[in-house]
Amino acid sequence: MVLGAKLMLFTCYFCGIMGDELLRNWEKKSGEHRKQYQQWLKKADKNKVLGRLPDLHEEAFSKIDCLTCANCCKNYSPRFKTPDIKRIAKRLKMKEGDFIETYLRLDEDGDYVVKTTPCPFLRVDNYCSIYEDRPSDCARYPYTDEDVLLKRPQLTLTNSAICPAVYYVLERLMGA
Ligand code: SF4
Ligand code: SF4
């Protein structure tokens, strides 16, 4: 879902994981391996990692179903940048100012984020009600196919506790 995502609240939800041993109890294992991830992220060979990411990203999402997870949408807010606001307000047939007033607040970095979590655009069936026009941060999350994974180690560590795909890709990169 989200780059530069703002952690607002974290609760462990059951994710839609289909019978892969590596993913069993992933939240617990991710917490236990956090230090190892931190050290590994400092020393990782960038070119080697980037070369493996596309396949590992696909592999992770062949085993994980976002629609039975939605941890990111329940715990994070993406940044709503100006083009996102324009696009989504238009979709909702709202004036941009009204859209901002209804759904958004400015955070400590001066970025617009949602006022409430879970995200107000998350439906009860875990579909995004504005999917085609969702913020670009949402479209990019969890960066398991981008160099952000190495460039922003703190964000990757945070995401490893929220997103099973980040946990999975880190574990596979480290030799699992
Ligand atoms: S991107 Fe990660 S946290 Fe978000 S729904 Fe998919 S698996 Fe869950
Ligand atoms: S806009 Fe959609 S994809 Fe983004 S956090 Fe909200 S529900 Fe999730």
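The values are calculated or read from the model by the stated rules, or taken from the named source; none is laboratory data. Everything quoted here is computed from the prediction, not taken from an experiment. Methodologically, a virtual Cβ is constructed for each residue, glycine included, from the backbone with ideal geometry; neighbour enumeration extends over all protein chains shown.
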Being closer than 15 Å to residue 161 by Cα and either at pLDDT below 95 or touching a strand residue (DSSP E or B) at 6+ places or on another chain (Cβ under 9 Å) (or both) is the filter; apply it to region 67-92 and report the residue that is nearest to ligand 1 (Cβ to nearest atom). 69
Would you check which residues across region 62-120 are among the aliphatic types (A, V, I, L, M), under 18 Å from the mean Cα position of the chain (by Cα) and surrounded by 14 or more Cβ atoms within 10 Å (Cβ to Cβ) and list them? 64, 70, 113, 114
What about residue 145, is it within 13 Å of ligand 1 (Cβ to nearest atom) and out of contact with any strand residue (DSSP E or B) (no Cβ under 8 Å at 6 or more places or on another chain)? yes
Which condition breaks for residue 131 when tested against (1) within 14 Å of ligand 2 (Cβ to nearest atom); (2) loosely packed, with under 14 Cβ neighbours inside 10 Å; (3) over 15 Å from the mean Cα position of the chain (by Cα)? (3)
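With the requirement that a residue be farther than 18 Å from residue 116 by Cα and not polar (S, T, N, Q), what does region 69-91 give you? Give the derivation first.
Taking region 69-91 as the starting set, the residues that turn out to be farther than 18 Å from residue 116 by Cα are 69, 82-83, 86-87, 90-91.
Listed by number, the residues that qualify are 69, 83, 86, 87, 90, 91.
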Taking residue 55, is it more than 11 Å from ligand 2 (Cβ to nearest atom) and either in contact (Cβ under 8 Å) with a residue 12 or more places away in the chain or crowded, with 16+ Cβ neighbours inside 10 Å (or both)? no
